[in-house]
Every structure is written in structure tokens, then in C-alpha cells.
Amino acid sequence: MHYVHFSKPALVQSLMNGFEAFVVKHGNKKRHAIEFYGLLFGHTEETSRTVHHHVDFVSIDSSADMNGGWVQNNEDATFLKEQFAYGAGYDFLGSIHTHPYLSQEMTLPEARTSGSHFSDSDLQNFHEQFSEDSFFGRPFSVHAVLAIRNKDDESERQRIERDGYLEPNIFEFSLANCKCFLKAQVFSCKNGVLKREDTSLKSDYLEKFGYLEGSFGSVKLVDGKQRIVEHVA
């Protein structure tokens, strides 16, 4: 059994960058709500029956090609950061990216059942990162997706009573007037075949509902615009 432990700094880093990509216009992009890509660093502890992957921090890939429906990482940036992290005593565990959904693009039930899962192109990318069944010299890789969907103010209430685990490795939570879903999955590769390992997500910050203690304002579509988002304090 594999356990992925997201530290509070790693989770906050993911949320800050995820919402920046969701709300703030990037360069000449025609829409807001684009995907970001980051790398997971930390350490691993093993027992006779379990493997614990501790995500200590996230490094956002500023050179990634970020778009509304996909993101492409920069392999040179990955190699550079892996070397720096190793020299500082951290393991390169894997990656995280976002699935941003505007309320008119996907319903909340759809976000729960499909939007919070990896796409086929995600899985292909994870597979390609293994070399001879090894992920940067390690037998396992850890990948996470953070899905963000804003609430439709005309028809939806924010229902925090649904917050909690959807599956052992997926946690649903409310932030601002958005629903978020964090999924973590450990993979291995045997004889060239990508395999999902039994995975459980752990986060004290989420499990103790610490995110409900703050006021994060709200996120809404700009009047008259279908894909332009703004943050209201």
C-alpha cells in the first residue's frame, strides 16, 4: 500500500498557483482558467508492507506551455530541478497539474466523476517518463491532479457538507466559491506497462478542514464574458 502525504506548504503552493492560473490572464491567452504544471519534491519512507511518499514542497514549472485544456512540461526544466533537489537532499517524486473547469463547461457531478481523474494524455505522459521501468532511478512515481471548478452563482449553493474523501486517494473540498478535488496516484512500470498502485492520500490540512477557517473571497465570470474570470475579495 502506498500513502501520499501532502504537507501544508505543498498544498498551499499548489492552491496558490492553481488559482493564479484559474483567475489571472497569462500573456496572450484568450481565456483564463488554464492548466499549470509543477514538480513534487520530498522524501520516501518504507516499511515491510507500506511505502510513504512525503510531498514536502512543489516547484511550479514556469517554462511549461499552459493552456485551457492541456499543459506540456519542459523536460530541461525537470532535469535541472531534479539535480538541484537531489543536491539539497530531496527526492524528485513526480508531478502535479490542474484541471480547471468553468461552471458552464462542466457540471459539478461531472467534475466529481470525471474531471478529478487523469486523462488519457496524462497517463501517456506519466508512462513516457519511465525509462526501462525506472522513474529517475526510482521504482515509483507520484502524480497528482488538482481540479478547480467555480460555482454557478445563478443556480448553485456551496455545499461544504460534501467535503471529504470521494475515494481513498481523492479529496473534495470547498475554497472561495469553488469546488476543488485533489487526487494523488502512485505508478510503477513493469515490462513497459504502466501500473496504478493502491494509493491513499493523506493531508492534515484537508482532513481537519483547516481551509474553512479563512476567507478567500470569491471567483466569478466577468459580466458578458464566457471565459474571463475575476477574484472578488
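None of Phe84, Phe92, Phe79 is among the aromatic types (Phe, Trp, Tyr) and surrounded by 17 or more Cβ atoms within 10 Å (Cβ to Cβ) except Phe92. Meeting the requirement of 2 or more residues that are at pLDDT below 80 and either on the phi < 0 side of the Ramachandran plot or over 18 Å from the mean Cα position of the chain (by Cα) (or both), the strands (runs of 3 or more DSSP E) wholly within region 188-233 are 218-221, 229-232.
Could you tell me whether His32 is outside any strand (DSSP E or B), modelled with pLDDT under 85, farther than 21 Å from Phe181 by Cβ and not polar (S, T, N, Q)?
Working: outside any strand (DSSP E or B): yes; modelled with pLDDT under 85: yes; farther than 21 Å from Phe181 by Cβ: no; not polar (S, T, N, Q): yes.
Against the criterion (outside any strand (DSSP E or B), modelled with pLDDT under 85, farther than 21 Å from Phe181 by Cβ and not polar (S, T, N, Q)), His32 does not qualify.
Scan region 98-119 and tell me whether some residue there is assigned to a helix (DSSP H, G or I), crowded, with 17+ Cβ neighbours inside 10 Å and not aliphatic (A, V, I, L, M). The answer is yes; a qualifying residue exists.
Screening region 106-140 for residues that are farther than 16 Å from Asn73 by Cα and of a type in the set (Gly, Ala, Ser) and picking the one that is nearest to the chain's Cα centre (by Cα) gives Ser116.
Taken across region 59-80, residues that are within 24 Å of Ser119 (Cβ to Cβ), of a type outside the set (Gly, Ala, Ser), at pLDDT 90 or above and not in a loop (DSSP other than H, G, I, E, B) do not occur at all. Listed by first and then second residue, the pairs with beta-carbon distance under 7 Å, at least 6 apart or on different chains, first residue in region 6-22 and part of a helix (DSSP H, G or I) and surrounded by fewer than 21 Cβ atoms within 10 Å (Cβ to Cβ), second at pLDDT 95 or above and not polar (S, T, N, Q), are Pro9/Phe57; Gln13/Phe57; Gln13/Val58.
The values are calculated or read from the model by the stated rules, or taken from the named source; none is laboratory data. Everything quoted here is computed from the prediction, not taken from an experiment. We place every Cβ from the backbone using ideal geometry, glycine too, and count neighbours over all the protein chains shown.
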